Amino acid sequence: MAELKKFGKTDMNITEVGLGAWAIGGPWLFGWGEQDDKKSVKAIHTAIESGINWIDTAAIYGLGHSEKVVATALKEMTQKPYIFTKCSLVWDENRNVGDNLSERSIRMEVENSLIRLDIDVIDLYQIHWPRPVEDLEVGWETLNKLKEEGKVRWIGVSNFDAGQMERVKKYGDIFTLQPPYSAIMRGVEESILPYCKENNIGVIAYSPMQSGLLTGKMSKERFEKLPADDWRRKNKAYTEPEFSRNLKLQDLFITIANENNVKAAHVAIAWVLRNDAVTAAIVGMRSPEQALEITEHMDFRLTDEDFARINKFIKENL
Ligand SMILES: NC(=O)c1ccc[n+]([C@@H]2O[C@H](COP(=O)([O-])OP(=O)(O)OC[C@H]3O[C@@H](n4cnc5c(N)ncnc54)[C@H](OP(=O)(O)O)[C@@H]3O)[C@@H](O)[C@H]2O)c1
């Protein structure tokens with residue numbers, strides 16, 4: 001039985017690993033190449049049957065497609081996970097993506113997400129990106145209204161910095177934050193995570209394995225074979241000189257994983273969970289095999305020695 005953690009000031013107790021449904025959205029501007037929906041549904045079933053109790057998706061993932069795939073998976077399930085989704089990134093009939101935090105747009109977005117997900121209420125509704133920055137107050141006020149109206153149970157933000165959270169909190173409590181956090185992306189450590197800890201804001205960290213780079217299965221050869229429309233081809237972490245340095249960190253994760261009879265992916269996730277401001281990690285799983293492998297050692301924790309070893313490597317090399 002996976003361990004549950006209280007999710008900030010919400011009434012939810014969540015597993016320390018949740019399923020991220022970005023890649024299963026399939027192709028769009030920031031897609032991961034082709035994705036077989038049947039495989040995605042099986043990945044979701046495997047993850048939930050293995051003890052995970054929440055799914056993080058977004059309207060924008062696959063331009064609505066990820067939410068529909070989640071709905072398909074939910075239909076065949078008796079034990080329903082918590083469903084977290086997001087608003088603010090919108091698209092038009094030509095698949096162009098933009099930002100919108102107006103009340104009218106968010107209200108339309110929430111109705112569409114409820115329809116696509118085929119549920120009566122969203123467990124956690126998050127502002128995906130703090131853009132346009134002048135509309136943060138309007139956006140946050142709208143989410144508060146949706147909570148009062150019972151469309152969504154809890155509300156949170158994603159990619160906000162501490163100043164932006166401080167700015168909007170006058171319009172209502174912030175319950176959760178979804179920031180990027182991995183051994184490679186540590187920008188949130190300085191002020192964002194301390195702010196969340198101080199204000200009892202639940203934190204679900206995204207891309208804990210740096211979108212597949214720290215899983216033990218990434219290499220220069222594999223990168224060359226990624227589909228032309230996989231967004232990682234344009235990502236800085238996969239661009240030299242960072243890419244070679246990041247792969248060396250992956251090598252260390254593989255060594256530590258072998259010593260502990262787990263996989264590098266578990267070391268990457270455990271590193272993120274060491275920060276006590278972090279409630280849980282959102283892990284992208286796009287096949288049943290990946291879901292099985294991740295959930296097999298969800299309870300893996302790093303020893304103080306291994307944690308220090310990784311941090312020394314990061315300080316000296318990244
Ligand atoms: N709020 C935001 O702005 C934001 C941004 C990014 C992500 N997120 C959320 O966070 C979630 C996770 O982030 P992420 O998907 O970027 O990164 P991640 O969890 O660090 O990496 C996920 C990727 O790793 C690979 N993988 C998964 N399990 C594996 C295994 N057992 N062995 C080998 N490879 C494995 C898969 O990619 P391949 O098989 O293709 O290598 C998978 O798509 C997203 O799904 C989304 O819900 C939110």
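The values are calculated or read from the model by the stated rules, or taken from the named source; none is laboratory data. Just so we're clear, the structure is a prediction, and the values are computed from it rather than from any experiment. Glycine also receives a Cβ, built like all others from the backbone with ideal geometry; neighbour counts cover every protein chain displayed. Accessible surface areas use protein heavy atoms only, side chains included; no ligands, DNA or RNA. Shrake-Rupley method; radii C 1.70, N 1.55, O 1.52, S 1.80 Å.
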Using a 1.4 Å probe over the heavy atoms of the protein chains, calculate the carbon and sulfur portion of the accessible area of the stretch 50-127 as a whole percent.
46
Apply the a/c threshold of 1.5 to the C-alpha gyration tensor of the stretch 1-86 and tell me whether it is rounded, prolate or oblate.
prolate
If the chain between R107 and N200 were fully extended at 0.36 nm per residue, the gain over the current Cα-Cα distance would be 30.7 nm
Using only Cα atoms, what Kirkwood radius does the stretch 271-318 have, in angstroms?
12.7
Computed over the Cα atoms of the stretch 21-61, what is the convex hull's projected area averaged over all directions, in nm²?
2.9
Taking every DSSP bridge whose two residues both lie in the chain, the antiparallel percent to the nearest 5 is 20
Over what distance in Å are the Cα centres of the stretch 126-176 and the stretch 20-53 separated?
27
Rounded to the nearest 0.05, what FRET efficiency do N261 and E166 give with R0 = 51 Å and r taken as the Cβ-Cβ distance? Could you check?
0.70
Accessible area per residue for the stretch 166-282 in Å², computed with a 1.4 Å probe and the full protein assembly in place, what is it?
43
Label-to-label distance, nm, for residues given as R222 and T303 (7 Å Cα→Cβ offset):
2.7
With viscosity set to 1.306 mPa s at 10 °C, what whole-number translational diffusion coefficient in µm²/s follows for the chain from Stokes-Einstein and a Kirkwood radius over Cα pairs?
80
Along the positive direction of the dipole of the chain (beta-carbon charges: Lys, Arg +1; Asp, Glu -1; about the Cα centre), which of N260, N200, A59 reaches farthest?
N260
With no solvent and one equal point scatterer per Cα, compute the Debye intensity ratio I(q)/I(0) for the stretch 45-157 at 0.12, 0.14, 0.17 Å⁻¹ and report its log10, rounded to two decimals.
-0.40, -0.54, -0.78
Going by the alpha-carbon gyration tensor, a ≥ b ≥ c the square roots of its eigenvalues, is the stretch 190-318 rounded (a/c under 1.5) or, if a/c is not under 1.5, prolate (a/b greater than b/c) versus oblate?
rounded
With DNA, RNA and ligands ignored, accessible area of K75 (1.4 Å probe; Å², nearest 10):
140
Sort out the exposed loop GluC sites (Glu not before Pro) in the chain (DSSP loop, at most 16 other Cβ within 10 Å) and tell me the longest stretch that has none.
191-318
